[in-house]
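The values are calculated or read from the model by the stated rules, or taken from the named source; none is laboratory data. What you are looking at is a predicted structure, and each value in this text was computed from that prediction instead of being measured. Using ideal geometry, Cβ is built from the backbone for each residue, glycine included, and neighbour counts are taken over all protein chains shown. Remember, those area values only see protein heavy atoms, side chains included, never the ligands or the DNA or RNA. Shrake-Rupley method; radii C 1.70, N 1.55, O 1.52, S 1.80 Å.
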Amino acid sequence: MVYTPAFSANLPLNTRFVDVPSTTAGYQRLGVDDKLGLLWFAYTQMGRSITPAAPGAARLQFAEGLLNQIKQMSYDEQLQVMRDLVRKVSTPITRSYGVLSINTKLAFWYQLAELMKEGVVVPVPANYQMSREASEVLAAIERLDFSQQITVLRNAVADMGVDPLA
(Lines give C-alpha, C1' and ligand atoms only; values in the text may rest on other atoms or scores of the structure.)
Protein backbone atom coordinates (compact mmCIF):
# COMPACT_ATOMS: atom_id res chain seq x y z
CA MET A 1 0.00 0.00 0.00
CA VAL A 2 1.52 3.32 -1.06
CA TYR A 3 0.54 6.66 0.44
CA THR A 4 1.13 9.78 -1.59
CA PRO A 5 0.59 13.45 -0.87
CA ALA A 6 -2.25 15.08 -2.75
CA PHE A 7 -0.06 17.58 -4.60
CA SER A 8 1.23 17.20 -8.11
CA ALA A 9 4.61 18.29 -9.38
CA ASN A 10 2.72 20.16 -12.11
CA LEU A 11 0.91 22.40 -9.64
CA PRO A 12 2.66 25.59 -8.56
CA LEU A 13 3.34 25.34 -4.86
CA ASN A 14 2.79 28.33 -2.66
CA THR A 15 6.17 29.86 -1.90
CA ARG A 16 5.22 31.53 1.37
CA PHE A 17 7.17 28.83 3.23
CA VAL A 18 10.83 29.59 2.66
CA ASP A 19 12.50 29.09 6.03
CA VAL A 20 12.17 27.26 9.33
CA PRO A 21 9.93 29.80 11.12
CA SER A 22 7.44 30.14 8.24
CA THR A 23 7.42 26.39 7.56
CA THR A 24 6.87 25.69 11.28
CA ALA A 25 4.07 28.29 11.34
CA GLY A 26 2.50 26.65 8.29
CA TYR A 27 2.59 23.30 10.09
CA GLN A 28 1.02 24.80 13.21
CA ARG A 29 -1.90 26.17 11.15
CA LEU A 30 -2.84 22.70 9.89
CA GLY A 31 -5.70 20.67 11.29
CA VAL A 32 -5.04 17.72 13.60
CA ASP A 33 -5.31 14.97 11.00
CA ASP A 34 -3.20 16.91 8.48
CA LYS A 35 -0.51 17.36 11.14
CA LEU A 36 -0.52 13.60 11.76
CA GLY A 37 -0.54 12.83 8.03
CA LEU A 38 2.31 15.21 7.36
CA LEU A 39 4.37 13.65 10.14
CA TRP A 40 3.71 10.23 8.65
CA PHE A 41 4.92 11.30 5.21
CA ALA A 42 7.90 13.19 6.61
CA TYR A 43 8.99 10.27 8.77
CA THR A 44 8.52 7.68 6.04
CA GLN A 45 10.43 9.83 3.53
CA MET A 46 13.15 11.06 5.90
CA GLY A 47 12.94 8.50 8.69
CA ARG A 48 16.28 6.79 8.27
CA SER A 49 18.01 10.14 8.53
CA ILE A 50 16.00 11.40 11.50
CA THR A 51 17.01 8.76 14.02
CA PRO A 52 20.79 9.26 13.83
CA ALA A 53 20.21 13.01 13.79
CA ALA A 54 18.51 12.90 17.17
CA PRO A 55 21.30 12.72 19.75
CA GLY A 56 18.71 11.91 22.41
CA ALA A 57 17.48 8.91 20.47
CA ALA A 58 19.46 6.71 22.83
CA ARG A 59 17.05 7.89 25.50
CA LEU A 60 14.13 6.30 23.70
CA GLN A 61 13.87 4.01 26.72
CA PHE A 62 12.12 6.95 28.43
CA ALA A 63 9.39 6.70 25.80
CA GLU A 64 9.25 2.88 25.65
CA GLY A 65 6.57 2.72 28.34
CA LEU A 66 4.36 5.08 26.35
CA LEU A 67 4.94 3.15 23.14
CA ASN A 68 4.13 -0.12 24.91
CA GLN A 69 0.89 1.36 26.26
CA ILE A 70 -0.07 2.52 22.78
CA LYS A 71 0.73 -0.89 21.27
CA GLN A 72 -1.75 -2.50 23.70
CA MET A 73 -4.63 -0.25 22.56
CA SER A 74 -7.16 -0.74 19.81
CA TYR A 75 -6.62 1.19 16.58
CA ASP A 76 -9.36 3.65 17.56
CA GLU A 77 -7.71 4.28 20.93
CA GLN A 78 -4.29 4.67 19.28
CA LEU A 79 -5.62 7.28 16.87
CA GLN A 80 -7.27 9.10 19.76
CA VAL A 81 -3.95 9.20 21.66
CA MET A 82 -2.20 10.70 18.62
CA ARG A 83 -4.96 13.27 18.21
CA ASP A 84 -4.84 14.06 21.95
CA LEU A 85 -1.09 14.66 21.68
CA VAL A 86 -1.60 17.12 18.82
CA ARG A 87 -4.57 18.82 20.51
CA LYS A 88 -2.75 18.98 23.85
CA VAL A 89 -5.57 17.25 25.70
CA SER A 90 -4.49 16.48 29.25
CA THR A 91 -4.36 12.71 29.74
CA PRO A 92 -1.84 10.49 31.54
CA ILE A 93 -0.16 9.68 28.20
CA THR A 94 0.00 13.29 26.96
CA ARG A 95 1.42 14.40 30.30
CA SER A 96 4.04 11.64 30.22
CA TYR A 97 4.94 12.67 26.67
CA GLY A 98 5.13 16.30 27.76
CA VAL A 99 8.12 15.68 30.03
CA LEU A 100 10.22 13.97 27.35
CA SER A 101 13.16 15.82 25.82
CA ILE A 102 12.68 17.20 22.32
CA ASN A 103 15.02 14.61 20.81
CA THR A 104 13.21 11.81 22.62
CA LYS A 105 9.91 13.18 21.25
CA LEU A 106 11.44 13.15 17.77
CA ALA A 107 12.53 9.54 18.25
CA PHE A 108 9.10 8.66 19.74
CA TRP A 109 7.31 9.80 16.55
CA TYR A 110 9.86 7.99 14.40
CA GLN A 111 9.21 4.79 16.34
CA LEU A 112 5.46 5.36 16.10
CA ALA A 113 5.80 5.67 12.30
CA GLU A 114 7.78 2.43 12.24
CA LEU A 115 5.05 0.70 14.27
CA MET A 116 2.47 2.08 11.85
CA LYS A 117 4.40 0.59 8.91
CA GLU A 118 4.47 -2.75 10.75
CA GLY A 119 0.71 -2.60 11.39
CA VAL A 120 1.17 -2.63 15.18
CA VAL A 121 -0.17 0.93 15.40
CA VAL A 122 -3.10 2.22 13.37
CA PRO A 123 -1.86 2.92 9.84
CA VAL A 124 -2.69 5.95 7.75
CA PRO A 125 -5.88 5.03 5.85
CA ALA A 126 -5.21 3.84 2.29
CA ASN A 127 -7.51 6.54 0.91
CA TYR A 128 -5.97 9.38 2.94
CA GLN A 129 -5.11 12.48 0.93
CA MET A 130 -3.36 15.41 2.53
CA SER A 131 -4.98 18.79 2.11
CA ARG A 132 -3.36 21.22 -0.29
CA GLU A 133 -2.06 23.21 2.71
CA ALA A 134 -0.41 20.15 4.25
CA SER A 135 1.08 19.23 0.87
CA GLU A 136 2.56 22.72 0.60
CA VAL A 137 4.13 22.43 4.05
CA LEU A 138 5.56 18.99 3.22
CA ALA A 139 6.99 20.36 -0.04
CA ALA A 140 8.50 23.27 1.91
CA ILE A 141 10.10 20.84 4.36
CA GLU A 142 11.57 18.90 1.45
CA ARG A 143 13.11 22.11 0.04
CA LEU A 144 14.90 22.92 3.31
CA ASP A 145 18.37 21.60 4.02
CA PHE A 146 18.62 18.62 6.32
CA SER A 147 19.34 20.48 9.55
CA GLN A 148 16.42 22.83 8.84
CA GLN A 149 14.14 19.84 8.18
CA ILE A 150 15.07 18.35 11.55
CA THR A 151 14.44 21.72 13.22
CA VAL A 152 10.93 21.93 11.73
CA LEU A 153 10.17 18.38 12.88
CA ARG A 154 11.57 19.11 16.34
CA ASN A 155 9.38 22.22 16.53
CA ALA A 156 6.35 20.16 15.50
CA VAL A 157 6.81 17.37 18.05
CA ALA A 158 7.96 19.69 20.84
CA ASP A 159 4.66 21.52 20.65
CA MET A 160 2.61 18.38 21.35
CA GLY A 161 1.42 16.84 24.57
CA VAL A 162 0.98 18.54 27.91
CA ASP A 163 3.90 19.59 30.08
CA PRO A 164 2.65 18.89 33.62
CA LEU A 165 5.48 21.01 35.01
CA ALA A 166 4.54 24.15 33.09
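Structure above, values below:
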quantity: For segment 65-166, accessible area per residue (1.4 Å probe, heavy atoms of protein chains only), Å²; calculated: 45 Å²
quantity: Shape call, segment 83-166: gyration tensor on alpha carbons, a/c limit 1.5; calculated: oblate
quantity: Sequence of S101, S22, S147 from largest to smallest accessible area, 1.4 Å probe; calculated: S147, S101, S22
quantity: Where a label projected 7 Å from the Cα of M73 along Cα→Cβ would reach, residues of segment 104-122 with amide N under 11 Å; calculated: 122
